[in-house]
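Here is the structure we will look at.
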Amino acid sequence: MYGTLKLIGFGAFMYLLHSTGDYRKKNPRFGGGAHPWDVPATWDGWWYRQIAEHGYHPELVPIPGATGLITLEGNSAAFFPLYPALIRLVSELTGLGSYGAGLLVSIVASFAAALGIYAVTARFGGRRAGLAAAGLWAVWPGSGVEWAVYSDSLYVALAVWACHATMSRRWLTAGVLTCLAGLNRPTAGALIAAVAVAALLALRRRQDGIRRPLTAMALAPLGLLGYLGWVGHRMGDYAGYFRLQSGAWAHEWDFGRQTLDVLTSVPVGHAGYLFAWPFADMIGVGVVLLALLLLPLLIRVRLPAVLIVHTVLTLVLVLGSQQIFGNVSRYLLPLFPLFIPVALALRRLGPAYQFTLLGVAALASGSYAGYGLFELGVP
């Protein structure tokens, strides 16, 4: 289900790139290249490949005479290490270059994520609901980065299996997977909190003793805190990671001011907000509204606390930050629990109807989840 739908969407994405040819006019770092298949390795993919090939050199370098939002040069330390480390490992083992190795890691991780989403959803709605949820992961807005040199598929795979382990009361596995997720993306803070809440509830109910839930709580934040601490130590400033994100990418916590600005501007056709990319931002607005619509349905299903807390805190972290708003559709990819209410409704359809519906969405995803992000926005 997942692989077929992704092939449909990826094929549509490649066709749109080939038919327009706009990628040939762009910088190979920023959505360009010699061939359509070069595009999924641009933007953040360029940074991940540089880390895999050359390692890190964390530093805060001011741009001479710069004022305003961007005052620091971009530095690879803004990108977490697990994904580029796997690129380097796979490259050494297979002989593939950083592009091929990165794409291989992402594709394998995307299938692991699909299997995890199936497993979690099937616990509540059976096999047919699990298949529908795996299909939704293939066509969800932002899914264009699942088969690209991006860390998102790897993060979702770790997050969904950490949640599955938590629900199965395999606390050591949950702690280790959450620790690894913290080495992959900063939004792992939401997953760490979710596992901690679940562990505290287990302690309160005296389900699994004391040592196992406490071990999970202790292991969960080590990856995230370890990387932030290492970057801060190398920079001589333990807030260095956050200073780099703010000064080089204008990405910082603003209590949702920019999100509100975009949500009140895009629907009326205004583009005076920060980092305006109209087509990608319209998709982003749709994703945010869809997530807010599905959230009450998720709570109504009465899912375990680990899924609820992970979903709500991920939403808060993403929507409360100043950023390129067009990225929101991929930043919200970890909201896999939102698939569950939709999958429970889709399971009423027969397999043929279900696949037809998702197949049409997969074909469209080549535009809204692929071309719209990489060519008409900044993924």
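Kindly establish whether R206 is modelled with pLDDT under 95, surrounded by fewer than 19 Cβ atoms within 10 Å (Cβ to Cβ) and more than 15 Å from H310 (Cα to Cα).
Working: modelled with pLDDT under 95: yes; surrounded by fewer than 19 Cβ atoms within 10 Å (Cβ to Cβ): yes; more than 15 Å from H310 (Cα to Cα): yes.
Yes.
Listed here are the residues, each with its yes/no results for (1) surrounded by fewer than 21 Cβ atoms within 10 Å (Cβ to Cβ); (2) more than 19 Å from the chain's Cα centre (by Cα); (3) under 19 Å from E375 (Cβ atoms).
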{"site": "Y2", "(1), (2), (3)": "no, no, no"}
{"site": "A12", "(1), (2), (3)": "yes, yes, yes"}
{"site": "V39", "(1), (2), (3)": "no, no, yes"}
{"site": "A52", "(1), (2), (3)": "no, yes, no"}
{"site": "H57", "(1), (2), (3)": "yes, yes, no"}
{"site": "P64", "(1), (2), (3)": "yes, yes, no"}
{"site": "G68", "(1), (2), (3)": "yes, yes, no"}
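So if I check each of A112, A119, A138, A85, which one is open to solvent by 10 Å² or more (accessible area, probe 1.4 Å), among the small types (G, A, S), within 20 Å of the chain's Cα centre (by Cα) and closer than 20 Å to F10 by Cβ?
A112 is the lone residue from the list that is open to solvent by 10 Å² or more (accessible area, probe 1.4 Å), among the small types (G, A, S), within 20 Å of the chain's Cα centre (by Cα) and closer than 20 Å to F10 by Cβ.
In the stretch 313-340, which residues are open to solvent by 20 Å² or more (accessible area, probe 1.4 Å) and over 24 Å from V266 (Cα atoms)?
Looking only at the stretch 313-340, we keep the residues that are open to solvent by 20 Å² or more (accessible area, probe 1.4 Å), and these are 313, 316-317, 319, 322, 324, 331.
Of everything in the stretch 313-340, just one residue is open to solvent by 20 Å² or more (accessible area, probe 1.4 Å) and over 24 Å from V266 (Cα atoms), namely L313.
Go over the candidates L225, L260, L201, L177 one by one and state the one that is assigned to a helix (DSSP H, G or I), open to solvent by 10 Å² or more (accessible area, probe 1.4 Å) and touching a Phe, Trp or Tyr at 6+ places or on another chain (Cβ under 6 Å). Talk me through it step by step, then tell me what you get.
Values: L225 fails: touching a Phe, Trp or Tyr at 6+ places or on another chain (Cβ under 6 Å); L260 fails: touching a Phe, Trp or Tyr at 6+ places or on another chain (Cβ under 6 Å); L201 fails: touching a Phe, Trp or Tyr at 6+ places or on another chain (Cβ under 6 Å).
When all the criteria are applied, what remains is L177.
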Report summary line: Among the residues of the stretch 165-174, the number that are open to solvent by 30 Å² or more (accessible area, probe 1.4 Å), part of a helix (DSSP H, G or I) and not aliphatic (A, V, I, L, M) is 1
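Just wondering, is there one or more residues in the stretch 17-36 that are crowded, with 18+ Cβ neighbours inside 10 Å, of a type outside the set (F, W, Y) and under 12 Å from G144 (Cα atoms)?
Initially, the stretch 17-36 is screened for residues crowded, with 18+ Cβ neighbours inside 10 Å, giving 17, 23, 31, 33, 36.
Adding the requirement that they be of a type outside the set (F, W, Y) leaves 17, 31, 33, 36.
Adding the requirement that they be under 12 Å from G144 (Cα atoms) leaves none.
Checking the stretch 17-36: not a single residue is crowded, with 18+ Cβ neighbours inside 10 Å, of a type outside the set (F, W, Y) and under 12 Å from G144 (Cα atoms).
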Query raised in the report: Listed residues R330, R302, R348; which is among the basic types (K, R) and assigned to a helix (DSSP H, G or I)?
Result: R330
Query raised in the report: When you go through V378, V360, V306 one by one, which is the residue that is surrounded by fewer than 24 Cβ atoms within 10 Å (Cβ to Cβ), of a type in the set (A, V, I, L, M) and modelled with pLDDT of 95 or more?
Result: V360
Query raised in the report: Under the condition of being touching a helix residue (DSSP H, G or I) at 6+ places or on another chain (Cβ under 7 Å), within 17 Å of S365 (Cα to Cα) and not aromatic (F, W, Y), which residue from the stretch 274-287 is most open to solvent (accessible area, probe 1.4 Å)?
Result: M282
Query raised in the report: Which of (1) within 15 Å of L219 (Cβ to Cβ); (2) within 13 Å of the chain's Cα centre (by Cα) does V156 not meet, given it meets every other one?
Result: (1)
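The values are calculated or read from the model by the stated rules, or taken from the named source; none is laboratory data. The model shown is predicted, which means the values in this text are computed figures rather than measured ones. Glycine gets a Cβ as well: all are built from the backbone with ideal geometry, and neighbour counts include every protein chain shown. For accessibility, only protein heavy atoms count, side chains too; no ligands or nucleic acids. Shrake-Rupley method; radii C 1.70, N 1.55, O 1.52, S 1.80 Å.
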